[in-house]
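Okay, so here's the structure we're looking at.
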Amino acid sequence: MILDDLKEQLKNAEPDLKTIQTFWENSHNEKEFERLSALSQEEDFWKNPEQATISQQLQKIKLLRESYNAIISAQKELNDLLVLFKDDPETLESMKIDIARHCRNIKNFKIALLLNKEDDDSNCFLSINAGAGGTESQDWSEMLLRMYVRFCEREKFQCTVLDYQVGDGAGIKSGTLYIKGKNAYGMLKNEQGIHRLVRISPFDSAKRRHTSFAGVFVTPETTQATITINPNDLRIDTFRAGGAGGQHVNKTESAIRITHIPSGIVVQCQNERSQTQNKETGMKMLMAKLVQKDKEEAQARLYSAERKKIEWGSQIRSYVLHPYKMVKDHRTDFESPQPELVLDGDLMDFIEAELIRSQTEQ
């Protein structure tokens, strides 16, 4: 029945609408709009040396505010119209286009609100390093790699494994993904940090509970060479690739490890068939990391998640499989009682919660 279908569409849009409302209520947009409006209405505003900047900021926040109010109003109006014309199939049929457009507007506005920072729309490199915990942490690192691959599949991102260093006995010592798609970096940037797993170890014959750690590092891809890399500052090593990839990668020294000596940054790539291709991809990874390092230093950050020790006390998220089941983000306190779904790539609720927190705290 068309009425039920239209009601269902509006109901399905409510979680995104709630995200928008939560962000807006926690932001300073309304206060900033009032402040800028008051400044622009001052008698001698035209003499203000910052007149152009203030006017631009006011126009930007005004358009944002108008879009927000229009979306909130439209949700209520469309629900009211469905009640009013519930027995009028012709009118309900004509509303299908309006409701579909409204639902698209909600999704687009949510993305515009949450992902409006520099580099948010970039592709990215996501690396995972095993931490304290030996074989346990290496297995945990492989589980995380699979989680992000599944997340990319869910969100229709293109995901390529660039590096895969097999662990001792199980899992991986490290792995790097190249993730391509609209807002890939914006979606995944806050995944950077230490991830903690608590479970009954499958590698412990006594079936004891173990805690494992792995570090996740996310870097936006740079579209331009903004830093000059001196070839004399590089140490380039070749080695035989490991893991999946067929006979070719395992029989030739096509894998590349590039060390930038001044910064100590190391990148590896073994995905491509030739050493030349791996070197080209490795240099892209190195450039992205160097640009990111410069930005962090310029912004005078107190610390970088990549430099934090991968062990107890520094985690951003805990995944508990025993004695109870829970995934908890320690920055937002957002929780899920279904770790199996989260580890299968169902991360969007965690990502949105942290995007809202990080945006509203600025």
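Some observations on this one:
- Residue within region 66-79 that is over 29 Å from the mean Cα position of the chain (by Cα), under 16 Å from I106 (Cβ atoms), modelled with pLDDT of 90 or more and among the charged types (D, E, K, R) present: yes
- In region 35-61, the residues that are among the charged types (D, E, K, R) and either in contact with a Gly (Cβ under 6 Å, 6 or more places away or on another chain) or over 19 Å from K110 (Cβ atoms) (or both): R35, E42, E43, D44, K47, E50
- Q56 being out of contact with any Lys or Arg (no Cβ under 8 Å at 6 or more places or on another chain) and either part of a loop (DSSP other than H, G, I, E, B) or free of Cβ contacts under 8 Å to residues at least 40 places away in the same chain (or both): yes
- Conditions (1) at pLDDT 90 or above; (2) more than 24 Å from the chain's Cα centre (by Cα); number of the one not met by E191: (2)
- Among the residues of region 40-63, not a single one is surrounded by 15 or more Cβ atoms within 10 Å (Cβ to Cβ), under 30 Å from H195 (Cβ atoms) and of a type outside the set (V, I, T).
- The residue of region 173-203 that is surrounded by the most Cβ atoms within 10 Å (Cβ to Cβ), among those that are touching a helix residue (DSSP H, G or I) at 6+ places or on another chain (Cβ under 8 Å) and free of Cβ contacts under 8 Å to residues at least 60 places away in the same chain, is G175.
- Test: residue in region 109-129 that is surrounded by fewer than 22 Cβ atoms within 10 Å (Cβ to Cβ) and of a type in the set (F, W, Y): yes
- Residue in region 72-91 that is touching a Phe, Trp or Tyr at 6+ places or on another chain (Cβ under 9 Å) and of a type outside the set (V, I, T) present: no
- Selection count, region 173-213, where residues are aliphatic (A, V, I, L, M), part of a strand (DSSP E or B) and over 20 Å from E340 (Cα atoms): 2
- Some residue of region 143-164 being touching a helix residue (DSSP H, G or I) at 6+ places or on another chain (Cβ under 9 Å), surrounded by 23 or more Cβ atoms within 10 Å (Cβ to Cβ), in the same structural domain as T219 (by TED's automatic domain parsing) and assigned to a loop (DSSP other than H, G, I, E, B): no
The values are calculated or read from the model by the stated rules, or taken from the named source; none is laboratory data. Please read all numbers here as calculations on a predicted model, not as lab measurements. Because the Cβ atoms are built from the backbone with ideal geometry, glycine has one as well, and the counts that use them run over all protein chains shown.
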